[in-house]
Every structure is written in C-alpha cells, then in structure tokens.
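Asker: I have a structure here, written as structure tokens, and I will follow up with some questions on it.
The values are calculated or read from the model by the stated rules, or taken from the named source; none is laboratory data. Everything numeric in this text was worked out from a predicted model, so none of it was measured. Methodologically, a virtual Cβ is constructed for each residue, glycine included, from the backbone with ideal geometry; neighbour enumeration extends over all protein chains shown. The accessibility values were calculated without ligands, DNA or RNA, using every heavy atom of the protein model including side chains. Shrake-Rupley method; radii C 1.70, N 1.55, O 1.52, S 1.80 Å.
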Amino acid sequence: APAMLITLCYLYLWARWGPRSAALVRSTVRRLHRSRCSFTFCARQPHPDERVCLRVGGKVFCTGEAQFLDDLNRWSFLLVSPFIHPEKLLTAEHIAFVTESISAQTENLQKGPDSSKEIVKWSDFCSPLAYKPGEPFKLIAEASVDNFSSLGIAFLEDRLRMDNGMVPHRIVCKYPHNIFGLAESAGRGEEEKSRLEEGRESEEESPRLSGRETGGGEHHHLHLSSCHECLQLENSTIESVKFASAENIPELPDDCSSKVQEEKEECLEKGMKRINLAGKPPNILIYLGSEGAKGRFEQVRSVLRECIDAESYTIYQLQQEQVLRAPWIDNSLLLVIATEEPIPEGHHEQFMKFLSRGGKILGFSSSFTFGGVQIKHRNKLRKVVHELVVCKEDSTEVKLNLLVSGCVFEQRVKEEPSKVKTLSRLNNADKDMIIVQLACGSSGGEAILCQAHLELDSNSMDVQTEEEFNLLKMSNSKRYEVLKEILTCLGLSCELSEIPELTPIYLLSPDEEIHLAFLKWLEGNVDAEGMRTSSKVSLKFVPFCEPTGEVSPSLMPVITQMGSFSSEHFSLRIYQQHLQTKKLGKILLFTEVTTTTMNLLDG
C-alpha cells in the first residue's frame, strides 16, 4: 500500500511538473530507499507485477520485485581494499544495484550520442564490485543515494554511457540486499583466483610482464573483460596464446628422475617467494597509534621499502579506528607497531588474534609485548646512543650503535625459554635484552620486538652530541643489515627483484592481407615521424628494430615488419593454428617486458 501511494502521488506530480523530472526522481529514490522498496529503471515495458512511477519516452522508472542476483559462481569479483569489511560496503545512505547493458547491435543503436546532451559516464558515479560477462553484460556496483539518482536520471534521458561502449538497458535496486555475501565471496574468490593465475602463468611460461605490472591494489577498467565483442575474442584466443606460449615446455614422465624433481622444486620455490604458510596477501600495515602523522608514516614506510623487495609487497597505514572494525587480520602479512604510546586493551587483543592466525609483528620501541617477556623502564637509557650486539641466524654477531628507547625486555617465565629468543643485547654490564623474538600459537605467528630505533637514521634522531651523531652515521649500513635480517626472519623477501629492461613492441598478424591493410590504415593515423600519441604513452611505428632506439615508459617503438620477430616465449605459427575466429585476434601487439598494458592503447 505505501508503495502504491507513492506511485499515485508521483504520477500526479509528473503530469503537473514534467520539466522538473530530475528533482522528482531524486525525491522518489530517497523515499523508496528509506522504505526499503525495490525499484528499477528499464528500457522495456514493465511487467504486470511492476508499478510505473515515471515514464520518459520508451524508458520507465518502476517499483516491483525484479530478480537481483543469480548463480554467484558465474560472477567475477573486483578486488576490495584489505580495510573494507563486507558489511561496510553499504552504509545506510548507499545503494547496491545491478546495471545490465547490451551491445549496440542488439539494441540497433549505431548512431553516436547526441552532442547537445550532457553525457554521464557510469563509472564516475559509482564503485563497481563485480561483473558477469555475457548478454546482457551485468555489473554490480554501489553508490550514494544522490549519485544513484544521477545515474537513473541520465538513463531516463538517454545520457548514460557505459565505459565499455555497451548500451545500458536496466538498472535494478532490490531490497533486502544480498550484496554482503557477494562481497565476502569477492574477497576469498579474488585471493584464490590471484594465486591460481600466478601459478598458471609460471606453469605455462606465458609472455612475461615485468614486476612493474603488478601494482599495489589498484583497479583498472579492463577492455577485454568488459566489452561484449572482446568476450567473443577471449573464448577463442586465450587457448591460442596458451598453446603458442607453451610450445617448448616438455612433457615430464611420471617416473621422472630425482634431479628433474629437484629442479622443479627449486623453480617452484623461486616462483612462490611471495607465498607464506598462513596464505595471507602480501600487505604490510604500519600502526602509529594517535601519532598518525603522514610524516611519521612515510618515515617508517621508506625504511621498510629500502629493505624489502618493494615489488612484492604493498604498505598501508593501519589507523586507530580501523583496528577494531576493518578485516585486516586475515588480509595482511606483517604488522609494524611504531609507537611508544600504551596499546589499548582492545587493540592488544586484535594484535594477538592476528598472531594466532599466522600473522607477523615487528615492534619499533613500542609497549606491545606478550607471553614470557615484560618491559622494564630504564630512564638512564632514554634517548641515549648505545652499542648493541646482534646475533644473526648464522650465529655470527654484528655490533652497532643505535638510539635506545629507555626500555629493556625481561623474561617473565624462566621455565619456557623456547618461546623467547634473544636476538640482541646491550653491550653493558647487565647485558640487557633489546631485541627479542616470540612465537605465538600453532599457525606460525611470531613477533620480533625492538627497544632500539632501527627505523630512524642519524638525520631523524634528536641526539645530544656530535659524537653520538657520528656513531649513528657509521652504524647506518649495519642498521640496514640488521633490519633485513629481522624482516627475513619474519618471512619477508629482502632480495631485490632484478627489474628487466623494457623491450620494443612487435605488430604481428597471422594473416598477411590483414597485416598489410592495417599498415595502410596506419599511414593516415600517425604523424610524419610515425608517432601516435595518447595521454600516457607515445607509440612510434618503425619498420625495423633500431639499435639505438629508445624504449621508455612514455615512448615505445612498435616494429611493423614481422620478418625480424622471434621469441622463445611465443610462436605466431602455433597461435595461428589454434585461432578459430574470422577477424578478431588477427592483429597483435607483442612485447617481452612492459611497464603496464593498461596504458598502451589508452585513448
């Protein structure tokens, strides 16, 4: 009854104040959202059980029970930040909805958008969460109530454009939302999908991209996964690339020798250096308590990046308010606690839960401790540069000078020495414990806690004398050595990845006629120097590889003559044998190493 009343009221308002349709849509959406009614914007006649609120041309805004989600196994999920909890994806003032779009051919819409209308781009008003390929192409997203209203208004006025060039056909918002289970599946599904894809790439020795391809959690709109035409290409060409890339991989017999097995295990070990026993994503969090100034975060982040393989990990700040709410515990590998403030009890419990689930903690002069050790204050040591003796894993010792915090560790339970390992002591009469390693639980959780400022260099410390400054400066290289030793003990990779040099791009085609036709088209679409420039990269088309040719992230040569092409990773002949399309997939751009494929055809 309430929904029917709303419908009748707005039918009257629409008839009287048609030109004010935008305001009416916004007001109606807000009311329907508050009343938890399901509603739809669609380019079709409404079903009998749907009630029309507004009609604009051939499009309607109606209420009713429309289908929201089908089999989740057929949806592909987009990555979500480790700090976003599934139930937090939708606040009280946000709407989850499905947008269905179809190809322009299906809709028989070949004409371009009306230039007199202000075009609204779908992704500018919402955050995509998942998609389902096919016809119609479906996208799940969330948006504020006002932004959702803007999408609906643009849809009714034929001003809404999808990023993939398809035509929006229907926008559905259904209550109660079952987006929460979807978001949880997204987190687990993407993690498993990522590990499987990494393993498959290593297995098939596919055309490689450098480590620079793997960014820190950014989402890009992939043309391949969004465009209906490209979905047809995907079904045919992925297998072709797979065969073409795997031509030289030998089939190993079941009774292969132990030597071959050892080689396989060694390769596997190299390829899985980012995988850890707890199966956690390679995220590193820095907790600074209330001292969360950006300068302090950058200071700690910078020293970590100088020690670890920066291509393999992403570093975030864990804010105080996120400790109890965000699902970081299962989405992070290492927590760095870099504050001298007392740790709140609730935060301490969360940190212990993180350890119990296989997490690692590194403490820099923090009050955090547990198990068999406790902190004892030594005021005479506060802000004093002192010599430490660090015992490395190979039983060698390193002596260096560091600024100490004024606290030392004491072993509380003498009967359990196995759970407490002393890594460093002060070189004084008391041999005070400064760095300790503690195990926690049976899932591999452990912590290394330091009461010396390993995270600070000589320029960042408030030292009292020039002599202390010089002692710190001379110990700087040893400080990095000790830091790398500690991070390695915590399971991180500190071996810097060798970044390969960028290589030129080859324009390839298995069809000579199509290749020549493309080159003919290209003549009229490059400048006098053979350049085609987009917002992020310039492609310079040349017939042959020039020995002195520059290859950079912003300028990449494209070699158009196929006779000079050869690669141990890809065979054009094998690709051609397995390609089953008439036109799609006949023009390829191939390169051994590039920064990112996202920018190559941008614009």
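Asker: Between Asp430 and Thr396, with labels modelled 7 Å along Cα→Cβ, what's the label distance in nm to one decimal, could you check?
Answerer: With each label placed 7 Å out from Cα toward Cβ, I get 3.1 nm.
Asker: Suppose R0 equals 45 Å; then what is the FRET efficiency for Glu481 and Phe565 from their Cβ-Cβ distance, rounded to the nearest 0.05?
Answerer: About 0.50, to the nearest 0.05.
Asker: A further question on this structure: Which shape class applies to the stretch 417-497: rounded if a/c is under 1.5, otherwise prolate when a/b exceeds b/c and oblate if not, where a ≥ b ≥ c are the square roots of the Cα gyration tensor eigenvalues?
Answerer: It is oblate, given that a/c is not under 1.5 and a/b is not larger than b/c.
Asker: How far apart, in nm, are the 7 Å Cα→Cβ label points at Ser302 and His348?
Answerer: 3.3 nm
Asker: Taking all protein chains together and a probe of 1.4 Å, list His578, His569 from the most accessible to the least accessible. Write down the numbers at each step before the final one.
Answerer: Working: His578 60, His569 25 Å².
Ranked from most to least accessible, the order is His578, His569.
Asker: Modelling each spin label as a point 7 Å along the Cα-to-Cβ direction, I'd like the Glu291/Ala23 distance in nm, to one decimal.
Answerer: Reported label-point gap for Glu291 and Ala23 is 5.5 nm.
Asker: Okay, next question. So how much slack lies between Arg44 and Lys419, counting 0.36 nm per residue of separation and subtracting their Cα-Cα distance, in nm? Before the final figure, lay out each step's value.
Answerer: Numbers: separation 375, 0.36 × 375 = 135.00 nm, distance 6.81 nm.
In short, 128.2 nm is gained.
Asker: Can you tell me the length gained on complete extension of the stretch Val120 to Leu522, counting 0.36 nm per residue apart and subtracting the Cα distance?
Answerer: Length gained between Val120 and Leu522: 141.6 nm.
Asker: At 0.36 nm per residue, and after removing the present C-alpha to C-alpha distance, how many nm does the segment from Glu495 to Ala310 gain when stretched out fully?
Answerer: Full extension from Glu495 to Ala310 adds 65.7 nm.
Asker: Rounded to the nearest 0.05, what FRET efficiency do Glu546 and Glu387 have when you use their Cβ-Cβ distance and R0 = 41 Å?
Answerer: The calculated FRET efficiency here is 0.10.
Asker: For the stretch 334-373 and the stretch 559-584, write down the distance between their C-alpha centroids in whole Å.
Answerer: Centre-to-centre (Cα) distance: 54 Å.
Asker: Another one. Within the stretch 330-437, list the chymotrypsin sites (Phe, Trp or Tyr not before Pro) lying in a DSSP loop whose Cβ has at most 12 other Cβ atoms in a 10 Å radius.
Answerer: Taking the stretch 330-437 and a limit of 12 other Cβ atoms within 10 Å, no loop chymotrypsin sites (Phe, Trp or Tyr not before Pro) are found.
Asker: Just how much of Lys484 is accessible, in Å², when a 1.4 Å probe is used and the result is rounded to the nearest 10?
Answerer: 70 Å²
Asker: Right, something else. Let me check something: with ligands and nucleic acids excluded, how do Met162, Met352 order by accessible area (1.4 Å probe), largest to smallest?
Answerer: The most accessible residue leads, giving Met352, Met162.
Asker: Quick check: with the 1.4 Å probe, what order do Thr591, Thr488, Thr99 take by accessible area, largest first?
Answerer: Thr488, Thr591, Thr99
Asker: List residues of the stretch 579-603, by number, whose backbone nitrogen lies under 18 Å from a label position 7 Å along Cα→C-beta of Met531.
Answerer: The answer is 600-603, whose backbone nitrogens lie closer than 18 Å to the label point.
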